[in-house]
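One structure is given here, and the rest of the page talks about it.
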Number of protein chains: 2
Amino acid sequence: MSDLLERLRGRGWRVTSQRRVVAEVLDGDHVHLTADEVHARAAHLLPEISRATVYNTLGEMVSLGEVMEVSTDGRAKRYDPNAHHPHQHLVCSNCGTIRDVHPTGSPLADLPQDQRFGFTVSAAEVTYRGLCPSCA
Amino acid sequence: MSDLLERLRGRGWRVTSQRRVVAEVLDGDHVHLTADEVHARAAHLLPEISRATVYNTLGEMVSLGEVMEVSTDGRAKRYDPNAHHPHQHLVCSNCGTIRDVHPTGSPLADLPQDQRFGFTVSAAEVTYRGLCPSCA
DNA sequence: TTCTTGACCTGGACTCCGTCCATCGTAGGA
DNA sequence: TCCTACGATGGACGGAGTCCAGGTCAAGAA
């Protein structure tokens, strides 16, 4: 399983059963889970895992660039294991499901110099909103 | 002050001192305030105003399309009174300040049909991230 | 102007998401 | 095998937002 764990081990991570399980959950399915959903699925494999551990592990994966944090609404953040392939998100305004999408063009290039107000702009996130087939 | 109040009155809103004050706060400054910041400024004008009322009023203004909700990080939502002029946001990754920007091009057009997965896509929000002049 | 009434406001309890911390356990090098 | 620093635990805590029962008041009617 999981080059993810290999990469983490390579970065000096201690490989514990908890971290293995979290990596496995993220690896398993390419949906965008909330921390609590990750915890629930992880607890299915390792009943004693705590919420704090899941939060810590997710946070560490994010700061290592292995996982991407997505917060499309004001509610719980979601975690996207597809961090190595740049992409944007398409969100259903009704049920909240998220799909990775690959638009053409580069939004960064669309921000002219006189619209940058002295900022050093490093990234552009695009969130498309609409209704998914089952909610429409 | 405020065509905003006039428009709201036109939609059948009862104009109360609380709503007047919230409208005034949003009108006054074109920064992007959190609900608590709105509450603090409103309380300066009308000390007894409650948090719940501020939340209700902001929520109503949003659902009438008079104010726009912006949640750029996982933290508190911010409220943008500039809802009638389409624009995107430029956010400082360090201090969190937000500027309205007007990129060229239309991100919606950049999402080809085969990337829509049956969704009826209605909007695209772009968030540019970087460091503002004082944080750089 | 006064009356009436339903929309509105209040404040406090509550939920949800996330963080912190003291303590205990254990992965992995010696 | 032993040691120890890194990691896990779970319970308390904090911020943001929602809910609700009861009191208040804007604005139309008379």
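The values are calculated or read from the model by the stated rules, or taken from the named source; none is laboratory data. Values in this document were obtained by computation on a predicted structure and should not be read as measured data. Positions of Cβ are generated from backbone atoms using ideal geometry, with glycine treated the same way; all protein chains shown enter the neighbour counts. Just so you know, the surface numbers come from the protein's heavy atoms only, side chains and all, with ligands and any DNA or RNA stripped out. Shrake-Rupley method; radii C 1.70, N 1.55, O 1.52, S 1.80 Å.
The table for this structure:
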| read-out | value |
| --- | --- |
| Rh by Kirkwood over Cα pairs, then Stokes-Einstein D for segment B:88-130 at 1.567 mPa s and 4 °C, µm²/s | 107 µm²/s |
| Contact order normalised by residue count of chain B, Cα under 8 Å, 6+ apart, percent | 19 percent |
| Accessible-area value, A:His87, 1.4 Å probe, nucleic acids and ligands omitted, Å² | 20 Å² |
| Å³ per residue enclosed by the Cα convex hull of segment B:15-96 | 98 Å³ |
| Within a Gaussian network of chain B (alpha carbon springs, distance under 10 Å), most fluctuating of B:His85, B:His44, B:His30 | B:His85 |
| Total accessible area lost when A and B pair, probe 1.4 Å, Å² to nearest 100 | 3200 Å² |
| Neighbour net charge for A:Leu58 - beta-carbon separation under 9 angstrom, K R +1, D E -1 | -1 |
| Heavy-atom accessible area per residue - segment B:1-116, 1.4 Å, Å² | 55 Å² |
| Teacher prompt: B:Gly12 distances to equivalent labels in other copies, 7 Å Cα→Cβ, nm | 6.4 |
| Environment charge of A:Gly130, counting only residues whose C-beta is closer than 13 Å and scoring Lys/Arg +1, Asp/Glu -1 | +2 |
| Cut-off 15 Å between beta-carbons: net charge of the residues surrounding B:Pro103, Lys and Arg +1, Asp and Glu -1 | -3 |
| Heavy-atom accessible surface of chain A: percent carbon and sulfur, 1.4 Å | 48 percent |
| Fluctuation leader among A:Gln115, A:Gln88, A:Gln18 - chain A, Gaussian network, Cα springs under 10 angstrom | A:Gln115 |
| Accessible area of A:Leu4 in the full protein assembly, 1.4 Å probe (Å², nearest 10) | 20 Å² |
| Label geometry 7 Å along the beta-carbon vector: A:Tyr55 inter-copy distances in nm | 2.0 |
| 5 angstrom amide H check on B:His89, placed H, neighbours 5+ away | B:Val101, B:Val126, B:Tyr128 |
| Unit Cα scatterers, Debye sum, the protein assembly as shown: log10 I(q)/I(0) for q = 0.13, 0.15, 0.16 Å⁻¹ | -1.01, -1.21, -1.29 |
| Amide H partners (placed H, <5 Å) of A:Met68, local residues excluded | A:Asp80, A:Asn82, A:Ala83 |
| For segment A:3-80, size of Cβ-based charge dipole, Lys and Arg +1, Asp and Glu -1, in debye | 280 debye |
| Other-copy label distances relative to A:Ala76, 7 angstrom Cα-Cβ extension, nm | 2.4 |
| Solvent-accessible area of A:Arg20 with every protein chain in place, 1.4 Å probe, in Å² to the nearest 10 | 100 Å² |
| Where B:Leu131, A:Leu33 fall by accessible area, highest first, once all protein chains stay in place (1.4 Å) | B:Leu131, A:Leu33 |
| Vicinal HN-Hα couplings computed from phi for segment A:124-136 (Karplus, 6.51 cos²θ - 1.76 cosθ + 1.60; Hz; Gly/Pro x) | 9, 10, 10, 10, 8, 10, x, 10, 6, x, 6, 8, 5 |
